[in-house]
Amino acid sequence: MSSDFEAYEQDFGTLTAEITNKIGRITKLGGKEKTQLVLNVDKQLEEVRELMEQMDLEVREIPIQCRGMYQSRLKSYKGEMEKLEKDFKRSRIAYSDDVRNELLGEDAGSSESQAHWSPVWVAGPGCERVRASRGTS
């Protein structure tokens, strides 16, 4: 039974190494290549989640006297999985920022550009609301 767990560990190691490599490449690519890589990493993360479920089931089948060691290893793998998901989320946010800048132009994220376009509500006489735009007098 522990041999199944160890086989899952090897698969986990291989998958997480591939995912880590791909996450590092996401911010360096552009266009369709980047989109494809994001989809691929998402798919591989799902495979790792399924693998973790299998490992959890295996641990439950291991005799109690040996179970503690495997539970601590599984807990460590779960922590590693959470870190990978956070790293992937950060890379996707950077990916989203790149796409936004590509569509809107390089200065789309600048505070000066945002200040010009953000509406400001000003209380007028009699407390009615009047819309004014910053950057115009």
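The values are calculated or read from the model by the stated rules, or taken from the named source; none is laboratory data. This structure is a prediction, so every number in the text was calculated from the model and none was measured. Note that we place each Cβ from the backbone using ideal geometry, even for glycine, and neighbour counts take in every protein chain shown. The accessibility values were calculated without ligands, DNA or RNA, using every heavy atom of the protein model including side chains. Shrake-Rupley method; radii C 1.70, N 1.55, O 1.52, S 1.80 Å.
Values computed for the structure shown
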item: Residue in segment 11-31 that is surrounded by the fewest Cβ atoms within 10 Å (Cβ to Cβ), counting only those that are under 21 Å from Gly79 (Cβ atoms) and among the hydrophobic types (A, V, I, L, M, F, W, C); result: Ala17
item: Hits in segment 69-83 - residues which are farther than 17 Å from Arg49 by Cβ, open to solvent by 80 Å² or more (accessible area, probe 1.4 Å) and without any contact (Cβ under 8 Å) to a residue 12 or more places away in the chain; result: Met69
item: Cross-chain or 6+ apart pairs with Cβ under 6 Å, segment 1-20 first and outside any helix (DSSP H, G or I), then among the β-branched types (Val, Ile, Thr); result: Met1/Ile62
item: The one condition in (1) closer than 17 Å to Ser91 by Cβ; (2) buried (at least 16 other Cβ atoms within 10 Å of the Cβ); (3) not hydrophobic (A, V, I, L, M, F, W, C) that Tyr8 fails to fulfil; result: (1)
item: Residue match in segment 32-50 (condition: under 18 Å from the mean Cα position of the chain (by Cα), closer than 13 Å to Arg92 by Cβ, aliphatic (A, V, I, L, M) and open to solvent by 50 Å² or more (accessible area, probe 1.4 Å)); result: yes
item: Subset of segment 35-77 [in contact with a Phe, Trp or Tyr (Cβ under 7 Å, 6 or more places away or on another chain), among the hydroxyl-bearing types (Ser, Thr, Tyr) and over 30 Å from Arg25 (Cα atoms)]; result: Tyr70
item: Options Ser118, Ser111, Ser96, Ser91: the member that is open to solvent by 70 Å² or more (accessible area, probe 1.4 Å), small (Gly, Ala, Ser) and at pLDDT below 90; result: Ser111
